[in-house]
């Protein structure tokens, strides 16, 4: 039986990926405003407040997918909908490579052309964007985002709420503390305290 999915945050890339999955059926989407150009012709179900007020029509039969890249907004929505007793779905692209020896939490999104290697542990509500490469024994904390083509080498620990930018690289065995942001193309060669980082090697700018 196919999972009935509600999309939280209209995102064409994620929608197209989910439509390709054999076990999912998209029954509508929730956003601040209705999409002006919905090529997929999906039902608009209103904004978050309106949709959550209708929860009894959906909470037992549907799962949600929260698409936003912004960690803090995605974390807020994850907690908001969990409070309203919704299930949050995990979805994995058929075009990704995911080891059967890894652990994946609730509400994760793993997009096309990603590689998730042996003994990786993904927390809840983690988003792994297109082309990201997560090597063996990596831990990624709750509500974190890896942008396209990020490379996370072995034994790295990424704490909760971190954002790793496009084409950024984390060298082996480092720790990235909570709520840190690594800019696009950044290379982290040592453990990082909470902050915003840029450059090669990564340096704290905020």
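Brief remarks on what is shown
- Just one of the numbered conditions (1) free of Cβ contacts under 8 Å to residues at least 60 places away in the same chain; (2) under 18 Å from residue 162 (Cβ atoms); (3) in contact with a helix residue (DSSP H, G or I) (Cβ under 9 Å, 6 or more places away or on another chain) is not true of residue 114: (3).
- Candidate set: the range 107-118, residues that are under 23 Å from residue 20 (Cβ atoms) and surrounded by fewer than 17 Cβ atoms within 10 Å (Cβ to Cβ); chosen: the one nearest to the chain's Cα centre (by Cα): 112
- Residue in the range 78-101 that is at pLDDT 95 or above and closer than 17 Å to residue 158 by Cα present: no
- Condition check for residue 103: more than 18 Å from residue 165 (Cα to Cα) and buried (at least 16 other Cβ atoms within 10 Å of the Cβ): no
- For the range 77-97, filtering for residues that are under 15 Å from residue 123 (Cα atoms) and in contact with a strand residue (DSSP E or B) (Cβ under 9 Å, 6 or more places away or on another chain) leaves 6.
- Remark: pairs (first residue in the range 187-198, within 13 Å of residue 153 (Cβ to Cβ); second residue assigned to a strand (DSSP E or B); Cβ separation under 6 Å; 6+ apart in sequence or on different chains) = 187/169; 188/170.
- Of the numbered criteria (1) surrounded by fewer than 17 Cβ atoms within 10 Å (Cβ to Cβ); (2) under 17 Å from residue 14 (Cβ atoms); (3) in the same structural domain as residue 191 (by TED's automatic domain parsing), the one residue 145 fails is (1).
- Listed conditions (1) at pLDDT below 95; (2) touching a strand residue (DSSP E or B) at 6+ places or on another chain (Cβ under 6 Å) are all met by residue 18, apart from (1).
- Complete set of residues in the range 131-159 that are over 12 Å from the mean Cα position of the chain (by Cα) and either in a strand (DSSP E or B) or over 19 Å from residue 100 (Cα atoms) (or both): 133, 134, 139, 149, 150, 151, 152, 156, 157, 158, 159
- Taken together, the criteria place residue 121 among residues that are surrounded by fewer than 20 Cβ atoms within 10 Å (Cβ to Cβ), under 25 Å from residue 78 (Cβ atoms), in contact with a strand residue (DSSP E or B) (Cβ under 6 Å, 6 or more places away or on another chain) and not assigned by TED's automatic domain parsing to the domain that holds residue 11.
- The criterion of at least 1 residues that are free of Cβ contacts under 8 Å to residues at least 12 places away in the same chain and more than 15 Å from the chain's Cα centre (by Cα) is met by the following helices (runs of 4 or more DSSP H) wholly inside the range 9-106: 48-53, 71-83.
- From 58, 29, residue being outside the structural domain of residue 128 (by TED's automatic domain parsing) and within 27 Å of residue 165 (Cβ to Cβ): 29
The values are calculated or read from the model by the stated rules, or taken from the named source; none is laboratory data. The model shown is predicted, which means the values in this text are computed figures rather than measured ones. FYI the Cβ positions are ideal-geometry reconstructions off the backbone, even for glycines, and counts take in every protein chain you see.
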